[in-house]
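The values are calculated or read from the model by the stated rules, or taken from the named source; none is laboratory data. Please read all numbers here as calculations on a predicted model, not as lab measurements. No Cβ is skipped: glycine too gets one built from the backbone with ideal geometry, and neighbour counts run over all protein chains shown. When the accessible area is computed, the model is the full protein with side chains, heavy atoms only, and any ligands, DNA or RNA have been set aside. Shrake-Rupley method; radii C 1.70, N 1.55, O 1.52, S 1.80 Å.
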Amino acid sequence: MPKSKSLKPNSDILSGELFKEYKTVAYMMEIYCKNHHVREGTEALCLQCQELLTYAEVRLDRCPYGQKKPTCNRCPIHCYKPQPKADMKLVMRYAGPRMLVPHPILAIRHLIHERRPVPDAKPAANQSNRHLRTKK
């Protein structure tokens, strides 16, 4: 059986804090997928997990908080549709504790980020990564 490729998270649309968040999600997806799904060939993620990761990337790109976004589980704005939200919750619950060994810095960074206060006020208009990216 051929060994699967290791995931190398890459995004053409995210940068800064949003890219770090995306990397964390991508590595969690890899941990979850490796232990729950059958992948084709040497791919790091199955098709279902790849679609969920792409969905997460788009949601991060369109987050109204932009680079100052809170972690999704503490965000007052729920931008995920119900099914992807439930799928991502499963991934996070399974992979979160398992992130400490393969990706300790990302895991600790995510735990610290979860402790930040959640913004009370509505985010300022036009702060999403997508808006700033397309405005250039």
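Go through (1) touching a residue at least 12 places away in the same chain (Cβ under 8 Å); (2) over 17 Å from the mean Cα position of the chain (by Cα) for residue 96 and report which single condition fails.
Looking at each condition in turn, residue 96 falls short on (2).
crowded, with 16+ Cβ neighbours inside 10 Å and not in a helix (DSSP H, G or I): is that true of residue 123 in this structure? Show your work before the answer.
Values: crowded, with 16+ Cβ neighbours inside 10 Å: yes; not in a helix (DSSP H, G or I): yes.
Spelling it out, residue 123 is indeed crowded, with 16+ Cβ neighbours inside 10 Å and not in a helix (DSSP H, G or I).
Kindly provide the set of residues from the stretch 32-48 that are in contact (Cβ under 8 Å) with a residue 40 or more places away in the chain and surrounded by 21 or more Cβ atoms within 10 Å (Cβ to Cβ), ordered by number. Even if it seems obvious, please write down each step before you answer.
First pass over the stretch 32-48, keeping only residues in contact (Cβ under 8 Å) with a residue 40 or more places away in the chain: 32, 35-36, 42, 44.
The one that is in contact (Cβ under 8 Å) with a residue 40 or more places away in the chain and surrounded by 21 or more Cβ atoms within 10 Å (Cβ to Cβ): 32.
Just the residues that are among the charged types (D, E, K, R) and either surrounded by 14 or more Cβ atoms within 10 Å (Cβ to Cβ) or at positive phi (or both), please, taken from the stretch 86-96. Full working, then the answer.
Quick first cut of the stretch 86-96, residues among the charged types (D, E, K, R) only: 87, 89, 93.
The one that is among the charged types (D, E, K, R) and either surrounded by 14 or more Cβ atoms within 10 Å (Cβ to Cβ) or at positive phi (or both): 87.
Just to verify a result, which residue in the stretch 1-57, among those that are out of contact with any Leu (no Cβ under 8 Å at 6 or more places or on another chain) and charged (D, E, K, R), is modelled with the highest pLDDT?
Only one residue tops the list, namely 51.
Determine if the stretch 10-20 includes at least one residue that is open to solvent by 20 Å² or more (accessible area, probe 1.4 Å) and on the phi > 0 side of the Ramachandran plot. Steps first, please.
We begin by selecting, within the stretch 10-20, every residue open to solvent by 20 Å² or more (accessible area, probe 1.4 Å); these are 10, 12-13, 15-17, 19-20.
Of the ones still in play, those that are also on the phi > 0 side of the Ramachandran plot are 16.
Yes, that holds for at least one residue.
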